[in-house]
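Engineer: Got a structure for you, written out below as structure tokens; questions coming shortly.
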Amino acid sequence: MAINPLVELHKAGQSFWYDNISRGLINSGELQRLITEDGVRGITSNPSIFYKAIKDGSDYAVPLSELFKNAALSAKEILYELEIADIASAADALLPIYESSKGVDGYVSIEVDPRFAYDSEKTVSEGRELVKLIARPNIMIKVPATKDGLAAITELIAEGCNVNATLLFSVQRYAEVATAYLDGLNKRIDAGEPIDSIASVASFFISRIDTAVDKVIDSRVEHALNDAEKEWALSLRGMAAISSAKEAYQTMIALFSSDRFIEIKQKGGNVQRLLWASTSTKNPAYPDCLYVDSLIGPGTINTMPVDTVKAFKDHGKVLRTIDADLKAVDETLSSLTELNINIESIAQQLEDEGVKLFNDAFGALLNLIEDKRNNH
């Protein structure tokens with residue numbers, strides 16, 4: 001039997017999660033096949049994924065028709081009825097993974113209303129409500145890791161919810177997210193509550209970093225003073241994202257081997273793993289498995305969209321790469337600074353854009369439901 005690189009990832013310490021969900025995926029048996037044959041160990045979702053599933057598929061026609069009979073339901077309430085049913089079914093399919101891994105994997109992530117990205121209280125309230133409504137142990141609440149989101153992460157963890165901190169683009173913000181997670185565990189310990197069953201991941205978005213940084217590099221090339229400077233700038237294209245991710249991984253190692261975490265671990269605390277998101281290559285000039293091949297290592301997750309799954313299954317290479325060539329990582333990040341490219345500033349811009357994109361997708365989703373109701 002041919003070796004399946006997707007399955008081999010787990011042997012290298014990395015979990016393969018699927019960045020896709022739909023009722024068709026579940027009902028057709030494809031999700032179960034992905035779990036059994038391709039080693040899927042978790043699922044992530046977002047408003048864009050649900051929009052595509054509801055717009056392009058016929059699987060929601062009957063349930064929507066039933067929900068439309070209740071005129072009192074808002075578009076958001078209808079959406080959540082659909083989402084919760086899908087998330088619960090997927091969680092049930094992944095429950096054996098959750099149980100056999102003792103709560104390390106087997107999770108399905110559902111995002112709170114992205115319009116609450118700058119309102120920690122509403123984020124906590126909705127996250128709490130989603131946990132209650134779905135009523136599965138292997139659910140993660142996705143919280144945008146804005147400054148306001150940090151407080152929500154701490155509070156949800158303190159309340160015993162599993163959290164997927166999303167829309168991370170900078171190492172500095174990642175460190176703040178990890179600290180927020182530890183703060184939540186400490187609050188729970190202080191309250192005399194158990195922490196051994198609480199899990200969290202930090203979703204670090206990869207390809208969008210290169211897309212943004214490469215644009216700035218192209219501008220530097222255009223205004224280079226000489227050929228040497230132009231060549232130097234060009235050599236850094238496609239390097240920022242992987243370098244940032246590898247630096248984040250080193251930060252994770254440091255934070256979760258600290259005295260503070262060792263004390264928490266002795267009380268049952270779990271490591272908050274880094275999850276590589278946005279791992280499809282946006283630039284066709286880059287290898288299609290670039291953001292999987294380059295970031296493999298223990299204590300990490302890669303959530304892949306369907307095209308990346310197919311590409312990696314076909315020709316991915318499973319080698320420990322996450323901590324390879326760290327000297328080159330330092331040199332790359334130093335060179336970007338010398339070129340006056342501020343990664344933190346770009347990361348903030350990407351966070352702002354990411355929140356807007358999720359807001360736009362969520363709004364489009366609600367409008368789509370209203371349109372279907374009006375044409376029903």
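Engineer: Of the numbered conditions (1) buried (at least 20 other Cβ atoms within 10 Å of the Cβ); (2) assigned to a helix (DSSP H, G or I); (3) touching a residue at least 40 places away in the same chain (Cβ under 8 Å); (4) not acidic (Asp, Glu), Arg260 satisfies every one except a single condition; which is it?
Structural biologist: Among (1) buried (at least 20 other Cβ atoms within 10 Å of the Cβ); (2) assigned to a helix (DSSP H, G or I); (3) touching a residue at least 40 places away in the same chain (Cβ under 8 Å); (4) not acidic (Asp, Glu), Arg260 violates only (1).
Engineer: When you go through (1) surrounded by fewer than 21 Cβ atoms within 10 Å (Cβ to Cβ); (2) under 16 Å from Leu366 (Cβ atoms) one by one for Ser89, which number turns out not to apply?
Structural biologist: (2)
Engineer: All but one of (1) of a type outside the set (Val, Ile, Thr); (2) surrounded by 20 or more Cβ atoms within 10 Å (Cβ to Cβ); (3) in contact (Cβ under 8 Å) with a residue 12 or more places away in the chain; (4) in contact with a helix residue (DSSP H, G or I) (Cβ under 8 Å, 6 or more places away or on another chain) hold for Leu64, so report the exception by its number.
Structural biologist: It fails just one condition, (2).
Engineer: Continuing with the same structure: Note down all Cβ pairs under 8 Å where the first residue falls in region 129-143 and is within 18 Å of Ile97 (Cβ to Cβ) and free of Cβ contacts under 8 Å to residues at least 60 places away in the same chain, the second is of a type in the set (Phe, Trp, Tyr) and in a strand (DSSP E or B), and they're at least six residues apart or on different chains.
Structural biologist: The qualifying pairs are Asn138/Tyr107; Ile139/Tyr107.
Engineer: While we're on this one: Pairs, please: C-beta under 7 Å, at least 6 apart or cross-chain, first residue in contact (Cβ under 8 Å) with a residue 60 or more places away in the chain and farther than 18 Å from Ala347 by Cα and in region 205-225, second of a type outside the set (Ser, Thr, Tyr) and surrounded by 20 or more Cβ atoms within 10 Å (Cβ to Cβ)?
Structural biologist: That search, which allows pairs on different chains as well, returns Arg220/Ala233.
Engineer: Hey, can you tell me all the residues within region 105-118 that are buried (at least 17 other Cβ atoms within 10 Å of the Cβ) and either of a type in the set (S, T, N, Q) or not in a helix (DSSP H, G or I) (or both)?
Structural biologist: Asp105, Gly106, Tyr107, Val108, Ser109, Ile110, Glu111, Val112, Asp113, Ala117 - these are the residues of region 105-118 that are buried (at least 17 other Cβ atoms within 10 Å of the Cβ) and either of a type in the set (S, T, N, Q) or not in a helix (DSSP H, G or I) (or both).
Engineer: Name, by its number, the condition in (1) on the phi < 0 side of the Ramachandran plot; (2) touching a residue at least 40 places away in the same chain (Cβ under 8 Å); (3) touching a helix residue (DSSP H, G or I) at 6+ places or on another chain (Cβ under 6 Å) that does not hold for Thr146.
Structural biologist: For Thr146, the exception is condition (3).
Engineer: Further, regarding this structure: Does Leu82 meet the test of being assigned to a loop (DSSP other than H, G, I, E, B), within 24 Å of Ala361 (Cβ to Cβ) and not small (Gly, Ala, Ser)?
Structural biologist: no
Engineer: Give the number of residues within region 169-198 that are within 16 Å of Leu275 (Cβ to Cβ), in contact with an Asp or Glu (Cβ under 8 Å, 6 or more places away or on another chain) and not charged (D, E, K, R).
Structural biologist: Matching residues across region 169-198 total 3.
Engineer: Looking at (1) in a helix (DSSP H, G or I); (2) under 18 Å from the mean Cα position of the chain (by Cα), which one does Glu126 not meet, given that it meets all the others?
Structural biologist: (2)
Every read-out reported here was derived from the displayed coordinates using simple, explicitly stated rules and does not represent laboratory data. Given the structure is predicted, the values throughout are model-derived calculations rather than measurements. Every residue, glycine among them, receives a Cβ derived from its backbone with ideal geometry; neighbour counts consider all protein chains shown.
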